[in-house]
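What follows is a set of notes on a single structure, which appears directly below.
The values are calculated or read from the model by the stated rules, or taken from the named source; none is laboratory data. Only a predicted model underlies this, so the values are computations on that prediction, with no experimental measurement involved. Glycine also receives a Cβ, built like all others from the backbone with ideal geometry; neighbour counts cover every protein chain displayed.
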4 protein chains.
Amino acid sequence: MARPTTVARVLAAALDLAERGGPSALTMEGIAAEAGVGKQTLYRTWPSVHAILFDALVTESAAAGASESHATTFDVLQSTIAELTTEPRASLLRKLAAAIHSDEAIARQFHKRLFLPQQEQVSRLVAADGYANPKTATELLLAPLLYRWFLRLPQFTDSELRDHVEKVRHLERLSSTNVSGQYI
Amino acid sequence: MARPTTVARVLAAALDLAERGGPSALTMEGIAAEAGVGKQTLYRTWPSVHAILFDALVTESAAAGASESHATTFDVLQSTIAELTTEPRASLLRKLAAAIHSDEAIARQFHKRLFLPQQEQVSRLVAADGYANPKTATELLLAPLLYRWFLRLPQFTDSELRDHVEKVRHLERLSSTNVSGQYI
Amino acid sequence: MARPTTVARVLAAALDLAERGGPSALTMEGIAAEAGVGKQTLYRTWPSVHAILFDALVTESAAAGASESHATTFDVLQSTIAELTTEPRASLLRKLAAAIHSDEAIARQFHKRLFLPQQEQVSRLVAADGYANPKTATELLLAPLLYRWFLRLPQFTDSELRDHVEKVRHLERLSSTNVSGQYI
Amino acid sequence: MARPTTVARVLAAALDLAERGGPSALTMEGIAAEAGVGKQTLYRTWPSVHAILFDALVTESAAAGASESHATTFDVLQSTIAELTTEPRASLLRKLAAAIHSDEAIARQFHKRLFLPQQEQVSRLVAADGYANPKTATELLLAPLLYRWFLRLPQFTDSELRDHVEKVRHLERLSSTNVSGQYI
DNA sequence: TCTTAAACGAGACGGTACGTCAAGTCTTCGC
DNA sequence: GCGAAGACTTGACGTACCGTCTCGTTTAAGA
């Protein structure tokens with residue numbers, strides 16, 4: 001519907017504002033002004049600021065990430081941390097995260113479009129590593145990262161992250177033992 | 001500064017609105033109208049909606065919780081989940097959580113006034129249980145709960161929660177073994 | 001420039017909208033949508049809504065009126081009233097009348113293309129009736145009609161109109177007497 | 001409701017804009033900006049631009065006119081013409097007149113608050129002059145003035161106006177004769 | 001007991017952003 | 001390659017809250 005150049009200008013403006021003005025600058029009016037675009041053009045294509053942010057994030061991922069194949073669980077988590085803390089992505093994510101708490105639909109979108117891909121990457125590696133319960137292992141691996149990001153605590157350093165991965169690995173080996181006899 | 005009856009009316013109004021209208025109804029104007037109070041009365045006592053919410057949450061805790069002494073780690077986590085999902089507390093927490101993402105000061109307040117008490121309760125029990133690293137154990141226990149709340153995933157059922165606690169307990173026993181030699 | 005079918009569709013759409021939606025529905029966008037035509041097609045042929053309305057009025061006159069030869073002054077005034085009060089012409093005229101007050105050019109067009117013909121028809125009859133001052137007589141005859149239409153007062157009934165015409169006729173006879181001696 | 005100083009600023013701004021920018025500048029946003037006032041302040045007191053214009057006109061009348069007692073019919077009509085042609089009143093009236101054609105409620109307000117007082121002044125003088133039908137005489141006197149204003153024709157000069165008044169006076173004397181026998 | 005200063009309700013105020021509508025211009029694509 | 005469809009910028013609409021600021025009016029304590 002919208003012309004490609006217009007879309008590009010809008011998403012670039014969103015990224016710019018995220019980096020320069022912080023999350024509170026990410027308003028429909030602000031983006032329109034920054035992009036040199038009418039408000040109606042925004043509303044014609046995106047129903048809300050959040051929709052723009054999703055597109056901006058996806059675009060930015062496509063541009064930046066460009067599918068590096070991560071070798072290890074550690075690498076994926078490390079790059080997840082990078083995503084959560086590097087601007088402008090961090091600002092966009094914060095803004096979306098705020099919206100998650102007022103609108104369940106946005107929560108679903110966030111989960112599906114932004115979080116699941118990350119999660120599945122971890123899951124695949126975890127499964128390849130022979131964990132007994134890849135699903136819970138993935139949660140145990142990722143949850144503390146998100147927990148620290150959400151509460152704005154200091155993130156894992158590389159060595160802490162390494163320990164964290166090791167710990168969960170051992171846990172899962174233990175679990176598999178458990179399942180096979182000791183506790184059932 | 002403010003009269004006790006006024007404070008009570010305001011906090012009650014905040015709780016009412018949280019339950020009835022969802023997080024988006026929690027505005028200064030809405031609370032003032034609901035409480036039958038002038039806006040300036042609100043601003044005289046609280047600098048922002050968030051400050052009111054903190055007070056409302058603390059008050060509600062005092063009224064409801066009234067310091068049950070939880071015997072086990074499981075019980076504490078179970079009641080944490082209840083807090084995260086029972087109205088009106090859930091709505092207030094969502095609203096605050098949203099603000100966390102736009103204001104670091106609120107994040108600190110949230111962490112200090114609402115989250116740390118919970119965390120320390122867990123920590124004490126965990127330490128009493130003889131975990132080698134109570135701090136990381138606490139994080140491993142709590143993070144998945146918050147993770148699911150944040151992403152609005154289905155929360156742990158009682159049996160899942162029991163498994164989760166067991167898993168972390170074994171992990172920490174293993175870790176302590178590790179530390180003493182096997183893996184280093 | 002525009003194809004005859006397009007022109008017809010546009011003018012028909014204008015008449016339709018005038019009848020159905022009242023004067024506020026007569027916008028470029030509305031007419032384009034109603035006619036199933038791009039906006040640029042409108043602007044290519046007509047510079048403004050008003051231009052379309054003029055064309056629609058002229059077309060409608062041609063279709064409806066088809067030049068009945070009115071015998072008497074009374075008949076002409078009666079049919080003038082009918083024009084001012086019968087849809088869809090009434091709505092188009094109201095819309096144009098509104099524009100008269102913001103744009104002098106439209107006032108001139110209105111006067112020249114829509115009002116003068118009416119006026120001259122009256123003038124001819126009045127002159128034929130032997131009035132001393134056909135010009136002022138015409139004004140005295142027409143002004144009250146327009147005055148009532150403009151202020152949305154109840155229009156002349158047939159008998160009131162008959163009295164009105166009689167009164168002006170006598171006035172003019174008196175005037176001619178005056179002119180010939182009594183007051184000069 | 002609104003504070004007197006605010007009202008004064010708003011009405012002054014409306015008069016200023018009418019004089020400087022023409023009728024198209026008389027928008028809610030424009031007035032708010034010119035008056036240095038929030039839009040909500042306008043909407044709190046007046047439902048529309050037109051309501052502001054009515055107030056501005058009434059205020060301006062009160063300030064300017066200040067109840068000159070007109071001696072003669074001619075004087076009243078002369079001052080009516082002045083009102084219709086002197087800025088900023090002329091611009092405000094044009095703007096209102098435009099609205100009359102899209103909204104009947106405004107027509108009623110216009111008639112009641114702005115036109116009737118004028119009309120009654122004429123009526124009183126006409127009745128004092130011993131006209132047989134003061135109501136129709138008033139209409140005959142005023143209609144041509146409004147007619148020329150509406151169609152933006154040149155207004156009556158003083159001498160034309162004098163003739164016009166004389167003519168209607170004679171007409172009415174004739175009418176009274178009629179009524180008493182000749183034509184009934 | 002009376003006064004007096006504060007806290008109060010009410011809500012006007014200047015702002016910012018919302019989401020919508022129409023104006024008039026510019027671009028793309030199908031016939 | 002012309003013209004219909006419609007995307008574009010602009011600007012006004014009317015609304016919701018923001019945080020500040022008067023207003024009188026309680027209300028509670030000290031004189």
Review point. Can you name the residue in the stretch C:23-65 that is charged (D, E, K, R) and touching a residue at least 40 places away in the same chain (Cβ under 8 Å) and is also nearest to DNA strand E (Cβ to nearest atom) among such residues?
Key: C:ARG44
Practice item. Could you check, for the stretch C:141-163, whether at least one of its residues is more than 10 Å from chain D (Cβ to nearest Cβ) and of a type in the set (Lys, Arg)? Key: yes
Exercise for review: Identify the single condition in (1) crowded, with 16+ Cβ neighbours inside 10 Å; (2) out of contact with any His (no Cβ under 8 Å at 6 or more places or on another chain); (3) within 14 Å of chain B (Cβ to nearest Cβ); (4) assigned to a helix (DSSP H, G or I) that A:VAL126 does not satisfy, given that it satisfies every other one.
Suggested key: (3)
Check your understanding: Is there a residue in the stretch C:64-76 that is surrounded by 19 or more Cβ atoms within 10 Å (Cβ to Cβ), within 14 Å of another protein chain (Cβ to nearest Cβ) and modelled with pLDDT of 85 or more?
Key -> no
Study note, to complete from the structure: Taking the stretch A:84-99 and the residues there that are surrounded by fewer than 19 Cβ atoms within 10 Å (Cβ to Cβ) and polar (S, T, N, Q), the one that is nearest to the other protein chains (Cβ to nearest Cβ) would be A:THR85
Practice item. Considering each of D:ALA8, D:ALA2, D:ALA90, D:ALA98 in turn, give the residue that is within 16 Å of DNA strand E (Cβ to nearest atom), under 15 Å from the mean Cα position of the chain (by Cα) and among the aliphatic types (A, V, I, L, M). Key: D:ALA98
Review point. Within the stretch A:1-48, can you find the residues that are more than 12 Å from DNA strand F (Cβ to nearest atom) and either crowded, with 18+ Cβ neighbours inside 10 Å or within 14 Å of another protein chain (Cβ to nearest Cβ) (or both)?
Key: A:LEU11, A:ALA14, A:LEU15, A:LEU17, A:ALA18, A:GLY21, A:GLY22, A:PRO23, A:ALA25, A:LEU26, A:SER48
Point to revise | For C:GLU139: the one exception among (1) over 25 Å from C:ALA13 (Cβ atoms); (2) crowded, with 16+ Cβ neighbours inside 10 Å; (3) modelled with pLDDT under 85 | key: (3)
Study note, to complete from the structure: Within the stretch D:11-49, residues under 22 Å from the mean Cα position of the chain (by Cα) and of a type in the set (Asp, Glu) come out as D:ASP16, D:GLU19
Check your understanding: Which is more than 19 Å from A:PHE110 (Cβ to Cβ), away from DNA strand F (no atom under 11 Å from the Cβ) and of a type in the set (Phe, Trp, Tyr), of A:PHE54, A:PHE74?
Key -> A:PHE74
Point to revise | Only one of B:SER61, B:SER102 that is surrounded by fewer than 19 Cβ atoms within 10 Å (Cβ to Cβ), within 8 Å of another protein chain (Cβ to nearest Cβ) and within 30 Å of B:LEU11 (Cβ to Cβ) | key: B:SER102
Review point. What tally of residues in the stretch A:148-167 results from selecting those that are part of a helix (DSSP H, G or I) and either among the hydrophobic types (A, V, I, L, M, F, W, C) or surrounded by 20 or more Cβ atoms within 10 Å (Cβ to Cβ) (or both)?
Key: 6
Exercise for review: Scan the stretch C:111-122 and give yes if some residue there is among the β-branched types (Val, Ile, Thr) and closer than 25 Å to D:ILE106 by Cα, otherwise no.
Suggested key: no
